[in-house]
1. Going through I330, I379 one at a time, which residue ends up being closer than 24 Å to D223 by Cβ and touching a Cys at 6+ places or on another chain (Cβ under 9 Å)?
2. Could you run through the range 159-187 and say how many residues are crowded, with 19+ Cβ neighbours inside 10 Å and either over 17 Å from F97 (Cα atoms) or assigned by TED's automatic domain parsing to the domain that holds V90 (or both)?
3. Inspect the range 160-173 for any residue being more than 16 Å from the ligand (Cβ to nearest atom), on the phi > 0 side of the Ramachandran plot and in contact (Cβ under 8 Å) with a residue 24 or more places away in the chain and give the result as yes or no.
4. For the range 348-360, how many residues meet the condition of being farther than 19 Å from A290 by Cα and touching a residue at least 12 places away in the same chain (Cβ under 8 Å)?
5. Looking at Q76, Q53 in this structure, which one is touching a Lys or Arg at 6+ places or on another chain (Cβ under 9 Å), closer than 29 Å to S138 by Cβ and at pLDDT 90 or above?
6. Go through the range 293-326 residue by residue and tally those that are within 21 Å of the chain's Cα centre (by Cα) and open to solvent by 70 Å² or more (accessible area, probe 1.4 Å).
7. Which of the residues belonging to the range 56-106 are basic (K, R) and under 22 Å from the mean Cα position of the chain (by Cα)?
8. Has the range 265-274 got at least one residue that is within 16 Å of the ligand (Cβ to nearest atom) and either in contact with a strand residue (DSSP E or B) (Cβ under 6 Å, 6 or more places away or on another chain) or in a strand (DSSP E or B) (or both)?
Amino acid sequence: MSSSHVLVLNCGSSSLKFAIIDIHSGSEALSGLAECLAEQQPLIKYKYDGKKQTITLNPGDAHQIAITRLVELVKQLNLDKHLIAVGHRVVHGGEHFTHSVSITPEVIEAIKQTSALAPLHNPANLLGIEAAQKAFASLPQVAVFDTAFHQTMEPKAFLYALPYSLYKEHGIRRYGFHGTSHYYVSAQAHNILGLNKDNSRIISAHLGNGCSVTAIKNGQSVDTSMGLTPLEGLMMGTRSGDIDPGIFAFLVNQLKYSPTQVDLLLNKQSGLLGISELSNDCRTIEEAAAQGHEQAQLALDIFCYRLAKQIAAFVVPLGGLDALIFTGGIGENSDAIRDKVISQLGFLGLTLDQDKNLTARFGQSGVITTNDSPCAIVIPTNEEWVIATDAATIAQEQ
Ligand code: ADP
């Protein structure tokens with residue numbers, strides 16, 4: 001095994017995803033997930049040498065325990081000797097970061113300052129950074145931001161029509177998320193479809209538990225559906241996406257919700273779950289809809305209608321469409337959702353090839369439209385790969 005591996009850490013609010021990636025081959029020497037970190041029985045599930053294994057953790061300061069145990073595992077498997085860098089996913093980089101950076105005390109300070117905008121995510125990301133710095137003191141540490149790709153948006157796209165002082169004094173603006181994924185799949189689309197990066201119009205739909213659409217012109221994000229937080233835009237698994245902001249005042253004044261309860265309602269009880277009153281999981285909703293569950297059918301109708309409307313709206317900043325990308329768990333696997341969305345976009349010339357649509361799934365890239373249609377394509381995302389290659393590049397520059 002050569003020294004060409006990067007440890008990728010995605011330290012979230014209740015889980016820690018990790019992978020050790022060979023930046024030459026793209027293969028994963030180790031991958032896994034520490035989950036249920038806020039609960040009684042935290043676990044680390046990992047895959048090494050083709051075998052899946054589980055480590056049971058003690059409850060308590062679960063993030064710290066999970067990271068310590070992960071470091072022990074990496075050392076026990078002798079993988080630490082092959083590491084050249086650690087790459088950290090950081091959710092919110094505010095306006096500080098337009099690309100990935102080597103982590104310095106100033107970078108840590110800027111991530112801390114941005115924590116008010118992502119109170120669940122940035123503090124957890126910082127825990128991962130601090131633990132990895134202690135465990136791998138000699139390795140370069142690199143931060144890769146979900147928001148960085150969207151820093152190319154112009155003020156007309158990122159400003160809300162609120163008093164300007166809220167932007168100047170408190171940074172209230174649209175930042176956008178899933179940037180690493182939108183960047184990766186759009187770069188893949190340029191390669192696969194032979195598009196000229198300096199003259200291309202791409203719309204990327206990342207549809208997972210969180211969902212967002214980005215308009216990408218000549219390789220740069222010009223508009224995106226998520227905003228100050230990952231709540232804005234599309235309907236998602238448990239998130240409402242766009243609603244009339246007046247609903248907030250109605251819930252508080254008329255129904256006596258507290259602001260915290262409104263936040264919970266919009267983030268955790270809405271979306272596919274809220275409408276179906278069944279599940280936030282797209283597979284479960286699709287199965288129930290097929291068996292005649294009316295609210296599941298309605299949830300899918302709303303999801304696809306809003307997605308189609310958002311895609312059509314993003315043809316405006318692009319002035320046309322060369323490629324529409326579907327990615328994320330839903331985008332990569334649900335032929336039914338892709339069908340329902342594209343069938344509403346026929347006025348753009350998009351025509352689905354039914355056979356190609358049915359076969360594009362399970363990690364395969366593939367064009368799903370007919371030869372005479374603008375292109376729609378399924379591209380599996382790989383955020384870990386972007387984090388690993390950015391970390392390796394920055395490490396090599398040091
Ligand atoms: P995350 O945003 O947490 O990374 P994923 O990208 O893994 O999530 O996407 C999870 C979503 O993908 C879930 O709603 C899940 O039901 C959906 N999904 C996964 N496989 C399929 C499938 N075969 N058909 C429909 N939906 C699927």
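The values are calculated or read from the model by the stated rules, or taken from the named source; none is laboratory data. Owing to the predicted nature of the structure, the values given are computational and were not obtained by experimental measurement. Ideal geometry is used to build each Cβ from the backbone, glycine not excepted, and the neighbour counts take in all protein chains shown. Side chains included, ligands, DNA and RNA excluded: accessible areas come from the protein's heavy atoms. Shrake-Rupley method; radii C 1.70, N 1.55, O 1.52, S 1.80 Å.
1. Working: I379 fails: touching a Cys at 6+ places or on another chain (Cβ under 9 Å).
Exactly one of I330, I379 is closer than 24 Å to D223 by Cβ and touching a Cys at 6+ places or on another chain (Cβ under 9 Å), namely I330.
2. 3
3. Checked the range 160-173: at least one residue is more than 16 Å from the ligand (Cβ to nearest atom), on the phi > 0 side of the Ramachandran plot and in contact (Cβ under 8 Å) with a residue 24 or more places away in the chain.
4. 8
5. Q53
6. The qualifying residues number 1.
7. Scanning the range 56-106 gives a single hit, R89.
8. No, the range 265-274 contains no residue that is within 16 Å of the ligand (Cβ to nearest atom) and either in contact with a strand residue (DSSP E or B) (Cβ under 6 Å, 6 or more places away or on another chain) or in a strand (DSSP E or B) (or both).
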